[in-house]
Structures are given as structure tokens and as C-alpha cells.
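Just below is one structure, and these are the notes that go with it.
The values are calculated or read from the model by the stated rules, or taken from the named source; none is laboratory data. What you are looking at is a predicted structure, and each value in this text was computed from that prediction instead of being measured. A quick note on method: Cβ atoms are made from the backbone with ideal geometry, for glycine too, and the neighbour counts reach across all protein chains shown. SASA here: full protein model, heavy atoms, side chains in, ligands and nucleic acids out. Shrake-Rupley method; radii C 1.70, N 1.55, O 1.52, S 1.80 Å.
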Amino acid sequence: MITVNDFNGKVKPDWCPACGNFSQLTAIKGALTELQIEPKNTVIVSGIGCSSNLPEFIRAYGFHGLHGRVLPVASGVKWANSDLTVIGYGGDGDGFFEGTQHFFHTAKRNVDITYIVSDNQIFGLTTGQASPTSEIGFVSKSTPDGNIEKPVNPLTFGLAAGATFVARAFSGDPKHLTEIIKRGIQHKGFSFIDVMSPCVTFNKLNTYDYFRKRVYKYEAKDLKDFSAAYRISEEWGDKIPIGIFYEIESKRYEEMDPVEVEGPLVTHPIYSVKDEDLEELV
Amino acid sequence: MFNMSDNEIVFRVAGAAGDGVQSAGLIMAKTFARSGLYAVTYNYYQDIVRGGESWYQVRASPKKVRNQGDGLDILVTLNEDGLVRHTNPNINEGGASSLSGIAIFDESITNYEKQQKVDYRPMPLSTIAGKYSKNPLLKNTVALSAAAASIGIDFEVMAGVIKETFGNKGAVADQNVQAAKEGYDYFKAHYPPYGKKLDFSKRKLYLIGGGEAVGFGAVKGGLKMYTAYPMTPASSCLHYLASHARKFDLFVKVSEDEISAINMAIGGNYAGVRAMTGSSGGGFALMTEAVGMAAMLEIPLVIYEAQRSGPSTGLPTKTEQGDLNQVMGASQGDFLKIIFAPRNVMEAATLTAEALNVAERFQTPVFVMVDLYLAEHSETVENLNFDFRIDRGERPKDGQANYKRYLITDTGISPRAVPGQEGLMHNEDSDEHNEYGDVVSDAVTDPKDRIKMMEKRMRKMQTYINEMPPTETYRADDAEYLVFQWGSTQGVVEEAIDLLRKKNIKVGAVEINRVFPMNPDIGKIIKSRKKIIVVENNYSGQYNSLLKSRFLCQTELITKYDGESFFPGELATSIENAIKR
Ligand SMILES: Cc1ncc(C[n+]2csc(CCOP(=O)(O)OP(=O)(O)O)c2C)c(N)n1
Ligand code: SF4
Ligand SMILES: [Mg+2]
């Protein structure tokens, strides 16, 4: 029996008190526990940013890599050992600026990874510059006169790319967040969860209060309805929906690759070349 | 001028892109190899799919051949331009010789100025081909078989290669063989044989390209995953691996860019399989940041770096050894980076296998650097299926108490746990960390830990140097003059040395295949020589700079940067001049 304590890391998180990342850490541990996934079979791959420090704070196999490169590393891990539960974790700058191309293509490939983005609509670690999800007019160190660039919508982007699981959650609702992460991990294929996660130090606009006033729980009538998912993903303003917007079953990359289907690559024996293999070169 | 050997043939087929020059060249190379002759090919082409000019050369001999060679015995030309270019005594093809032998071409080509050293052999190539098929490329087969007839190659040997090339059975293969036979007989009936006689044999030889050899060597070395983004000349390896993926049980992925390719390979190695990535200079530039990450997290990684002429897109189909500075300088900070540069096709295989062992044992990036010439030419080799023992490096036992991923050791190497192992969970971090992998750079920077970890990682350099095999030399024992070469220039340098030795010049070579870290024994080798000469296929002498700064020696530099490899006679002359300078 695996308990939450099994996932307790020995390093204490160094995030600012009340940072939205805390509840995501708790939620990830909770979801893994509920699913009885062993720490030894869990790999958390992150990028660079405040949020990306997370692997250090959890007892599992952690990979704290480069800014923007969460998903290719996570894909490599999954393809090397498809028995592992692979979670990609990073910031909005990490995923939607520096890592945009990887997000697009990993979603499209339907690699069996759960990708959680701590979306605080700002660069936290670099002390407060506008991010790809910062709202128009948002004043930050890099946009002292207010942001003039339209924010990206990670959810419609994920849908357009072909993600087979798309959800939004809120750090201020840890129970709901845990449930969504659990569903994301259970999903067979690429699952994307955008977590609205207040940066209490640098983002004075998108605060806990801001979200508490606006978020409501969305229950999809038909999770397979792409148009409905797209429409709900576009909703942002006075009301902000959270929940699972879209989920379909579709072949995973690992199911289609002729070598991957033979089971986790790490378990394949090393190929021993026979002389006959080389006859084509004579 | 230097006299080339009588006991060899230099064959060349010329035409435009789309004329089937390369496949014609390969048919000839295979035919030579099956006739028991050693062969080396040379591929001259442009960044264009149709038109322009291209040619393919094959040098064959019953004795081992080490480069594409000088001289030209037999020219098959598929157009008029080729005839004019390759018979011109003032030929301008990057050092290749003009024809002094026979030219085989279609009789419809009549508009050319006759050259003294050329015997013209016009043939009804298209007419013969037209009897069997409308496909204009069939005339190539007719011309090749005429060339085979001119030097007495057994028609059945050539027919075998032709059949295989065109899908063994079926109408196309039959048409080609029939047309070839008519071409073969036509030549014999109308023209005398070429003046050189070759000793054919039953020797079993494999014909393989450098890029393919890298891929094959990787498979021998236990490769399980290859992730890349296509770029000439790294693609010959990619194509080989992709087309053999199922046979060799290999996961191959072309991903969205080189950044993802290298990060995927790192993820694969981290999770316990042998993974490799590859590109040319432009693509490798995008991989730079991840090279340092592999070193920091101490994850094994082999990077295949196939150089072409730079800067920027440069000459995409031309050779150069211009990426050494780039590879040396890739990624911020100090760390152990090991650079191999195979010197010939066989070594492309063996060193790649070794690179996979070294990367996993030292948990650091290892480069296999080749150039376009090596990646895209073929050589005959005898025992391709070489013996190799895989060494997966130090691994901790499951459940080991108080596991430290970055344990401080004398060698600098720490036992490496992979995900899935019981009780060894830990964090691997691109931030500076302590022995456990916990970050020491965020809340409080611990200078002591930093120093310990930096020194631990760098200690791997000395551990590696201690086990380096001695640097190889060629005719160096009594040499007053030493020529340094690295990578693909080995064959041409050796031949240039042989040519100079015939003139009683005491010259030898130092042949570098383990470029960095530099072997300290080089210091002893260069002692009390009259002159050190460095030969490089680039503008500035990038290895030369390394050599001088490490061993504080004076050197003479010979470079070539027109996009072509060195040719032996040309190089011998340059070395002779450098000695006289
Ligand atoms: C290649 C590269 N560029 C820039 C940086 C500097 N940098 C570190 S974190 C960061 C942005 C962090 O924002 P985000 O990804 O949203 O994470 P957060 O800190 O908000 O969780 C940047 C620009 C870097 N580490 N690497
Ligand atoms: S700066 Fe913002 S994102 Fe970073 S730890 Fe503090 S609150 Fe969290
Ligand atoms: Mg952010």
C-alpha cells in the first residue's frame, strides 16, 4: 500500500509562501497515491522556472532539465521505458514560449505523458516579466506600459495540436485539481492540464481572489465533442471554466511504433549482429 | 608530379543531377568489390535535384586503396558537358585529375575538342537501350557494361549487381541485363581493351559508406534509440538506421527540430537505453545547450556530428573539417567532452561503438565527428562484423541504502541509477547540486559543494586520459618531418607520405582519431623533429590551434577549403613545399 508519505521528498520547497505551486505538488502526490503508482516507477521531468523546481521536492525519479525542453526529454524517457508513469511539469513561459514547438508536436504524437503547466501568467523565477499568457494591459518589469501582445490560449492550442485530453484546473481548489491530475495520469495518451496558479509575489492581477470570483466547474456533456471543447476553451473573462474539456481515445505513439509495441525498450535485448545481416553489403 | 600505380583503375561517371550518376557509380563500385578488388569511392554533387553537374569516382585495385586517388583511366559521361569538363587538361573539379585514358559516351555527342591523352569511345548507348526500354536511364547500364568490358571484368559479376540494383527478378532487371550484355559485347567487338590489367580475386569484401558505418557501429555498440532531424551529410546514417530499424530492433524518430532530437536522446539515456542523436553543424548549433545539460546531469550521450562546408548553410553537399571549434566550444561552463574523429569507414563503425561505451562509462557527451567526405563515400572492408564487448558502466544495486547519485569518487564516476530501480529515487538537476542531486544553487549557494562537484566531474577527464590508447603514427620512427592529420584525411596523408618517401624525404604522420582530450603522449612524439606540419580540410587550422596551444610547438599549416577533399599528389606537393618553407 502506497501512502502520500512515500512521495515526500527530503528537500523543503523554496517557493514563496502561498505560491500556487504548493497545491500542485500536493495534488500530484495525492493523485499518484490514489492511483497506487510506485515512486520508483514515476518520473517527473521539468524545465526551468519556479514551478520547474518541483522534482526536487518529491520522492520519485526527478529530471530538472532545460527551459522549454520538458516534453522532448519526457518523450525520450517514455519511449525508453513505457512502463514508467511520466509527468511533464513546467511554467507558462517554459511551455508556451520556449517550448511551443514541442508542446504542439508531442500533443499531436499522442505520447503517453501527463503535461501539467503551472500557469501563473508571468515569469516568476526571473522576477516578473510578461509571459505568453499575460493579459493585454498587464504591467510587468518587461511591459512597464502594459502588455500589448495578445495572450495565447493554451487550451485551444492544445486542442488544435491534437491533444487527446485537455483540462484546466485552479491551484485554489486542490481537491478538484487532484481529481483532474488523477484523470490526466489515467488517460492513455497525451494529457494536458493548464493549472491557473497565482504567483503571489509578482502577479498582482491574476490573484487567488481574481480566480475565486470567476472560476466555475464545467462538466462536459460529451467529452468527445471537439466543437464544444473548443467553445468552452475560449471562455475567459468574468467567468472562467475549470474541469476536463476534452478526452478521446486515440492510438498512442507507443502503440503504433513497430519497435515500441514489443514492450518497454529497456527490456529489449541488445541486438547481436549476424553475418547474414550484412550480406546486402557484399 | 608523382606517378600513380599501374595496378589500379580510377573510374569516373559524370552527368547532371537526375541522370543517375550516383547509382551508376555505386553499381561500378559493387562490381569492383565483387571482383575481389578493394575500392574507395568519391561523390561530387551539388545541392540540386536536377541539372547542374555531378560525378562519382571509384578507385579500385587488388592492393588496399586508401583514398579516391589521382589520375583517371575510364570516364563514362552521360552528357556533353561531362566529356568537355573531365577531358580538359585544366580541369577545375577541386583537385580531381583530368582523363588520360578512355572516354565512353553516346555517339550523338560530337561537338567536342579532341584532347591528346584521351581515347574516344563513342557508342550507340541510346540506340541499344532503346531496344529494351523507353527509360532514358537504361543507357547508363549500357555504358557501365562497356566500361567493364574495357578492363576485362567478368560480365556475370556485373550482371549480378545490375539485377540486384533493379529488383532482381522482373522486367526492369531483365531489360537492364540484356542491354548491358549488348553494350559489353559491342565494346569488345569495336574497341581494344584498356591498357591496364587488374588481378581479380575471390576475396570477400563488403562495400559500405561512412555514414552507414556509423549507424552499423552504433548497432554493434548496443544502440536502441536514434533521434534526429535530417541534415546533409548526417542523413546517410539516419537513412541506414531508419531502414534497418526493425531488423536491428531500434527505435528511430525524426522529431520537430534538433533541440528536441538531442533532448529525446538524453531522456532515453537517462531512462536506461543507449540513445544517440546526429546532425551537421547548423543543426548541432541548436543542440548546444543540451550538451552541457547532459554533462551536468552526468547522462551518457553520443552525438554524431557530420561536418560540411560552412559558415551557415555553406556548401551543403561539400566537405570540410570546420566544426571543431564549434564542437569544442559547445555549451557554457567547463566539463568533460570527448571527441572522436574516425579516420576511415571501418573506424567509423568501431569508434562509434566505442563512443557508446565511453559515454556510458564516463556519463558525459561523446562526439563522433566525421566530414561529408567520410559520411558519403564508400570503402571496401574485410571483416565488418567486428568483435565488440558492451560495457554499461557502473550501476548501483536496487535498494542500496543512502544512495548518492553523484557520489564523490577518485575516478569522478558515480554509479548511475535509472528510473524503475527500487529505492534509488533521486533528482537529476541542471542546477548545481550535491552528491544526492539536491540543488545547491537556489536558497543558499554552497561554495564548498560547488567546488566538490565541479572537481568530481572534471576528475573524469584524467581518468579518461589515463586509459587512452597510444596515439597512432605512420612511418614516423625515423621521420624528420611529422604531418598531423585528424579524421578522414588519414588515407590521403598516408599516400602522400609514401610518395614523398619514394623521393627519400624522411616524413611520417601522426594520425589523430581521439581528438579531445588530447593524448599527452603527443608531447613525446613531436620531440626533436625538424618540422611539424598540420593538414586540415578547413581555412584556419582549427586542430592546429589546439595542438599549438596544448604542446607549445611551431607548425606549418596546410589547408584546403574549396569543398573537396585532398587528393594525394596535390597533398604530397603541398607537404614538400611546407618542408622547404
Ligand atoms: C534558454 C534559457 N533562456 C532563459 C532562461 C531564463 N529563465 C529562467 S526561468 C524563465 C522564465 C520562467 O517563467 P515560467 O516558465 O513561466 O516559470 P515560472 O517561474 O513562472 O514558474 C526564464 C526566462 C533560461 N534559464 N534558459
Ligand atoms: S515568484 Fe511567484 S511563482 Fe515563483 S515561487 Fe514566488 S510566488 Fe511562486
Ligand atoms: Mg510562469
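See the values below:
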| read-out | value |
| --- | --- |
| Per-residue average of Cβ from other chains inside 10 Å of B:211-223 | 2 |
| Nonlocal amide H pairs with residue A:245, under 5 Å, H built at 1.01 Å | A:166, A:167, A:168 |
| Taking chain A and dividing mean pair separation by its residue count, relative contact order in percent (alpha carbons under 8 Å, at least six apart) | 18 percent |
| Fully extended contour minus Cα-Cα distance, from residue B:131 to residue B:63, at 0.36 nm per residue | 20.6 nm |
| Rh by Kirkwood over Cα pairs, then Stokes-Einstein D for region A:4-281 at 0.692 mPa s and 37 °C, µm²/s | 171 µm²/s |
| Length released on extending from residue B:581 to residue B:46, taking residue separation times 0.36 nm less the Cα-Cα span | 189.0 nm |
| Average accessible area per residue (Å²) across region A:202-282 - probe 1.4 Å, nucleic acids and ligands excluded | 61 Å² |
| Reciprocal mean inverse distance between Cα atoms of the protein assembly as shown - Kirkwood radius, Å | 29.6 Å |
| Rule-of-thumb Rg ratio for region A:113-242 [Cα; 2.2 N^0.38 Å; N residues] | 1.06 |
| Whole-number percent relative contact order across region B:280-376, with pairs defined as alpha carbons under 8 Å at least 6 apart | 40 percent |
| Residues of region B:331-447: accessible area per residue with a 1.4 Å probe, Å² | 34 Å² |
| Fraction of accessible area attributable to carbon and sulfur, region B:198-256 (%, probe 1.4 Å) | 49 percent |
| Inter-chain shielding of A:33-43 (mean C-beta neighbours from other protein chains, 10 Å cut-off) | 3 |
| Rough spin-label spacing in nm, given labels placed 7 Å along Cα→Cβ, for residue B:477 and residue A:145 | 7.9 nm |
| Segments B:322-328, A:256-262, A:164-170, B:177-183 sorted - mean Cβ within 10 Å per residue, highest first | A:164-170, B:177-183, B:322-328, A:256-262 |
| Protein accessible area in region A:15-82, 1.4 Å probe - carbon and sulfur % | 58 percent |
| Cα-based convex hull, region B:410-535, per residue volume (Å³, whole number) | 163 Å³ |
| Residue A:267 accessible area, assembled protein chains, probe 1.4 Å, Å² | 90 Å² |
| Peptide-level mean, for B:243-253, of C-beta atoms on other protein chains within 10 Å | 4 |
| Gain upon complete extension [residue B:562, residue B:325; 0.36 nm per residue less C-alpha separation] | 83.4 nm |
| Placed amide H near residue B:516: partners under 5 Å, 5+ positions off or other chain | B:339 |
| Accessible area (Å², 1.4 Å probe, nearest 10) - residue A:236 | 90 Å² |
| FRET efficiency, 1/(1 + (r/R0)^6) with R0 56 Å, evaluated for residue A:38 and residue B:550 via beta carbons | 0.65 |
| Chain B - mean residue ellipticity at 222 nm from DSSP helices (-39,500 (n - 2.57) per run, n ≥ 4, rounded to 500) | -11500 deg cm²/dmol |
| Region B:494-581 - Rg (one decimal) and Dmax (whole number), Cα, Å | 13.0, 36 |
| Residue-by-residue Karplus 3J(HN,Hα) for region A:174-182, coefficients 6.51, -1.76, 1.60, Hz, glycine and proline x | x, 5, 4, 4, 4, 4, 5, 5, 4 |
| Measure of compaction for chain B (Cα Rg per 2.2 N^0.38 Å) | 1.05 |
| Virtual spin-label span in nm between residue B:107 and residue B:401, 7 Å along Cα→Cβ | 9.3 nm |
| Area buried, chain A against chain B - accessible surface, total, 1.4 angstrom probe, square angstrom | 5000 Å² |
| Dipole of region A:192-282, positive direction: furthest Cα of A:232, A:272, A:203, with charges on the beta-carbon | A:203 |
| Dipole in debye (nearest 20) - region A:135-186, about Cα centre, beta carbon charges: Lys, Arg +1; Asp, Glu -1 | 240 debye |
| Backbone HN-Hα couplings from phi across region A:258-269 [Karplus 6.51/-1.76/1.60, Hz, Gly and Pro as x] | x, 8, 4, 5, 6, x, x, 3, 4, 8, 6, x |
| Residues whose placed amide H lies under 5 Å from that of residue B:118, excluding near-sequence neighbours | none |
